[in-house]
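The values are calculated or read from the model by the stated rules, or taken from the named source; none is laboratory data. Keep in mind that this is a model prediction, so the values were computed, not measured. Using ideal geometry, Cβ is built from the backbone for each residue, glycine included, and neighbour counts are taken over all protein chains shown. The protein model used for the area step is the full one, side chains on, heavy atoms only, and it has no ligands, DNA or RNA in it. Shrake-Rupley method; radii C 1.70, N 1.55, O 1.52, S 1.80 Å.
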Amino acid sequence: MSVPLYQVPEQQPSVWQPTSVEEAMHLKHKWGDKAVLISGGTWLRTRWENGVSPLPQHLISLARIQALSGLAMDAGGQIHIGPSLRLADLMDSELMQMKCALLVKACAEIAAPSVRNLASIGGNVVTRTGDLIAALLVMDAQVVCSDGTAEYTLPLAKWLDAPTQPTSEVMTGIKVPNTDIEDAESTFEFYLKVGRREAFTPSVVTVAGRLGLAPDQTILSIALAAGGGSAVPARFADLEAAAIGRPLSKDLLQLLHTGVSEGFQAVPDDYAGVAYRKQTAANLIVSECYKVWRKGGGANAPKS
Ligand SMILES: Cc1cc2nc3c(=O)[nH]c(=O)nc-3n(C[C@H](O)[C@H](O)[C@H](O)COP(=O)(O)OP(=O)(O)OC[C@H]3O[C@@H](n4cnc5c(N)ncnc54)[C@H](O)[C@@H]3O)c2cc1C
């Protein structure tokens, strides 16, 4: 059994450093709401400092659980990402740069290097509003969670669908399938974040997309996602289904614009309303699809 790393009086929390998921869950079950799991602590700190949540009595650090920080590709090309992996390490990884370039791009848009040296990918996803989620959604990522006795795997989109996530589970893995699209002549990806300034800024809107095109510009596969601010990022399943099999065209771009604008469940705050966020998400996605159309060439492709 682990022992507290330090225990300071005057209501400072005890920090526990379990070395296995089972031990972490044992501690969590023991203290219930008086304890929180902590990875990099960068998100939790902002909540404590802003008075959004109280500092708990016990912090259960996941840092020493080695099984949570691996990074590997299996024989089928699926990438297994440990949730404790720091964003800076993820960005430095050649495997990630080669196989998950979209995720690397999304990481580079988060905070600043000092935060990325601490912040974990799992912590970003578990918040349900992290800026990495839109990218992971279009990569068809799955999450693996454990209550300390058994693990289950769920598509990230389904996991996000639940109204709240259980606080008595550890996310033990993030899996990204091999998304090389068979038969596609070309695959295009994009990730964009709009904030209130150019860099080091919380998101107002994030969008991500992945398109597989046939030589005649017909859409063989399409994945689109939007999030940002307090919105839980989501895919546009009906819109994607309506786009498959159609060639890129002005009509299709119009359909995408309307579909994203209507389907994005934006959340207003003091800085931007719902209408602005919906229009921004739709404009960003359509302008990226327009670029794909132009880049792909073809008889009807725009020249500028
Ligand atoms: C200055 C600053 C700027 C920031 N900018 C951005 C930004 O631009 N975009 C953005 O998305 N975020 C931003 N953040 C928030 C934060 O840095 C990221 O979301 C980060 O990835 C969170 O990871 P963490 O390891 O620090 O999470 P933590 O704070 O440790 O944890 C976050 C939540 O996840 C839970 N948790 C963590 N790991 C697990 C696990 N394996 N299983 C179960 N639960 C777990 C914790 O209990 C907690 O509820 C910023 C934070 C700061 C301080």
Of all residues in region 191-209, which are over 20 Å from Asp161 (Cβ atoms) and crowded, with 16+ Cβ neighbours inside 10 Å?
Tyr191, Leu192, Lys193, Val194, Gly195, Pro202, Ser203, Val204, Val205, Gly209
List the pairs whose first member sits in region 30-53 and is part of a loop (DSSP other than H, G, I, E, B), whose second member is among the charged types (D, E, K, R) and near the ligand (Cβ under 9 Å from one of its atoms), and whose Cβ atoms are under 7 Å apart, counting only residues at least 6 apart or on separate chains?
Gly40/Arg86; Ser53/Arg47
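If I filter region 13-28 down to residues being under 11 Å from Ile60 (Cα atoms) and not hydrophobic (A, V, I, L, M, F, W, C), which single residue comes out as nearest to the ligand (Cβ to nearest atom)? Please lay out each step first, then the result.
Keep residues of region 13-28 that are under 11 Å from Ile60 (Cα atoms), which gives 13-19, 21, 23-28.
Still in the running and not hydrophobic (A, V, I, L, M, F, W, C): 13-14, 17-19, 23, 26, 28.
Details: Pro13: 13, Ser14: 16, Gln17: 14, Pro18: 12, Thr19: 14, Glu23: 14, His26: 15, Lys28: 10 Å.
Ranking the candidates gives Lys28 first.
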Do the conditions hold for Gly245, that is, is it touching a Ser or Thr at 6+ places or on another chain (Cβ under 6 Å), open to solvent by less than 60 Å² (accessible area, probe 1.4 Å) and either at pLDDT below 95 or not assigned by TED's automatic domain parsing to the domain that holds Arg128 (or both)?
no
Consider region 49-78. How many of its residues are open to solvent by 50 Å² or more (accessible area, probe 1.4 Å), closer than 20 Å to Thr167 by Cβ and not small (Gly, Ala, Ser)?
5
Which number in (1) over 20 Å from Ala111 (Cβ atoms); (2) not assigned by TED's automatic domain parsing to the domain that holds Val125 marks the one condition that Asp74 misses?
(2)
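Given Ser287, Ser261, Ser304, which one is among the polar types (S, T, N, Q), without any contact (Cβ under 8 Å) to a residue 60 or more places away in the chain and not in a helix (DSSP H, G or I)?
Details: Ser287 fails: not in a helix (DSSP H, G or I); Ser261 fails: not in a helix (DSSP H, G or I).
Among Ser287, Ser261, Ser304, only Ser304 is among the polar types (S, T, N, Q), without any contact (Cβ under 8 Å) to a residue 60 or more places away in the chain and not in a helix (DSSP H, G or I).
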The lone exception for Glu198 - which of (1) in contact (Cβ under 8 Å) with a residue 12 or more places away in the chain; (2) assigned by TED's automatic domain parsing to the domain that holds Gly229; (3) of a type in the set (D, E, K, R) it fails
(1)
Quick test of your reading of the structure: Ile60 fulfils all but one of (1) under 16 Å from the mean Cα position of the chain (by Cα); (2) near the ligand (Cβ under 9 Å from one of its atoms); (3) outside any loop (DSSP other than H, G, I, E, B). Name the failing condition by number.
(1)
